[in-house]
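Here the structure is laid out as structure tokens; the discussion comes afterwards.
The values are calculated or read from the model by the stated rules, or taken from the named source; none is laboratory data. This is a predicted model, so every value here is computed, not measured. No Cβ is skipped: glycine too gets one built from the backbone with ideal geometry, and neighbour counts run over all protein chains shown. Surface accessibility is based on the protein's heavy atoms, side chains included, excluding ligands, DNA and RNA. Shrake-Rupley method; radii C 1.70, N 1.55, O 1.52, S 1.80 Å.
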Amino acid sequence: MRMLSQDDEHDDAAEVTWEDQQRINSFSKLNNRLRGIQEKVEALKQEKEAFDDLSMEFELADEDELVMYKVGEAFIHLPHGRAVKRLERDQEAVDSELSKLTERASECEKSMKELKVILYAKFGRAINLDE
């Protein structure tokens, strides 16, 4: 065991006001929201990768044959040209959603940084806002 310096002893003495508690709660909500967004981003990246693989398969496929294309939980037969157009539209939708989620994640991170500055300034090492 070691003795605490006087500075360290007073870090825990900071009183938590209602506003401080609201900031802590906001930080927690933003952190949870950010984790959810990051999970969605990872899922969309995997979906985008699958679309890229499918695009390569379409390039090698015979244009006269019908293509089995997954829509929701079912597969439908589509002509090659329509399947390619559908794939392009689905890729654009994933790219759009990915950019929206990335923007929301950066907004959450920005707000979290602002709250971290305020909370660490008041509580110092008495509060842990890192994972």
Looking at ASN31 and the list (1) among the polar types (S, T, N, Q); (2) touching a helix residue (DSSP H, G or I) at 6+ places or on another chain (Cβ under 9 Å); (3) open to solvent by 90 Å² or more (accessible area, probe 1.4 Å), which single condition is not satisfied? (3)
Those residues of segment 112-131 which are of a type in the set (A, V, I, L, M, F, W, C), open to solvent by less than 90 Å² (accessible area, probe 1.4 Å), assigned to a helix (DSSP H, G or I) and under 18 Å from THR17 (Cβ atoms), in sequence order: LEU115, ILE118, LEU119, ALA121, PHE123, ALA126
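Restricting to segment 95-106, what's the tally of residues that are of a type in the set (D, E, K, R) and either farther than 27 Å from LYS48 by Cα or surrounded by 14 or more Cβ atoms within 10 Å (Cβ to Cβ) (or both)? Don't jump to the end; show me each part of the working.
The initial filter retains those residues of segment 95-106 that are of a type in the set (D, E, K, R), namely 95, 97, 100, 103-104.
Still in the running and either farther than 27 Å from LYS48 by Cα or surrounded by 14 or more Cβ atoms within 10 Å (Cβ to Cβ) (or both): 97, 104.
Here the count works out to 2.
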Hey, could you check segment 58-94 for residues that are of a type in the set (D, E, K, R) and under 29 Å from the mean Cα position of the chain (by Cα) and say which is most open to solvent (accessible area, probe 1.4 Å)? GLU73
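Hey, can you tell me all the residues within segment 41-63 that are of a type in the set (Asp, Glu), in a helix (DSSP H, G or I) and closer than 20 Å to LEU78 by Cβ?
From segment 41-63, those of a type in the set (Asp, Glu) are 42, 47, 49, 52-53, 57, 59, 62-63; that's our starting set.
Okay, now just the ones that are also in a helix (DSSP H, G or I), so 42, 47, 49, 52-53, 57, 59.
Result: GLU47, ASP52, ASP53, GLU57, GLU59.
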